[in-house]
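Read through the structure below, which is laid out as structure tokens, and then see the notes.
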Amino acid sequence: MSPHILIFDLDQTLADEGVVYKGMEEVLKQLVVDGYRLFICSFNPYAEWFTERQGIRQYFEQVIVNLDQEKGETITQLLQALDENVENALFFDDDRNNVAEALAYGIPTYHVPNGGLTPALVWEQLRL
């Protein structure tokens, strides 16, 4: 079964230098149309403000900012609140430590390369 819950880091994953990566707003819009549930899990205390300012907040069910615990734990709590299994999720992050933490919780992850996500990388991961 392919994932239907997609969780994104913000900085250097979806955006950099205050700008959403090229083509990603269109991807987010299409993902929602296709029935995916989208979330942000970030350590950036301005994540909610940033997504509003960039016009992408509407695509996310929730923007989670938690500075007090590992992302793996935060995502696990989110999935439990949604009554979803980890197999139904996919987490995108540029930070290898965050990826390792999520993997330790059994969460499928994709390590985003330098330069951030591109539409092709997202669609490729969803077709696997």
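The values are calculated or read from the model by the stated rules, or taken from the named source; none is laboratory data. It should be emphasised that the depicted structure is a prediction, and the values quoted were computed from it without experimental measurement. Cβ placement follows ideal geometry from the backbone for every residue including glycine, while neighbour counts extend to all protein chains displayed.
Across the stretch 72-128, the qualifying residues are those that are without any contact (Cβ under 8 Å) to a residue 24 or more places away in the chain and of a type in the set (Ser, Thr, Tyr), and the one among them that is farthest from THR13 (Cα to Cα) is THR109.
In the stretch 56-67, is there at least one residue being modelled with pLDDT under 95 and either on the phi < 0 side of the Ramachandran plot or not hydroxyl-bearing (Ser, Thr, Tyr) (or both)? So far as the stretch 56-67 goes, yes, one or more of its residues are modelled with pLDDT under 95 and either on the phi < 0 side of the Ramachandran plot or not hydroxyl-bearing (Ser, Thr, Tyr) (or both).
Looking across ASP34, ASP68, ASP9, one residue alone is touching an Asp or Glu at 6+ places or on another chain (Cβ under 9 Å) and either charged (D, E, K, R) or free of Cβ contacts under 8 Å to residues at least 60 places away in the same chain (or both). It is ASP9. Of all residues in the stretch 74-106, those being of a type outside the set (Gly, Ala, Ser), within 17 Å of TYR36 (Cα to Cα) and touching a strand residue (DSSP E or B) at 6+ places or on another chain (Cβ under 9 Å) number 9.
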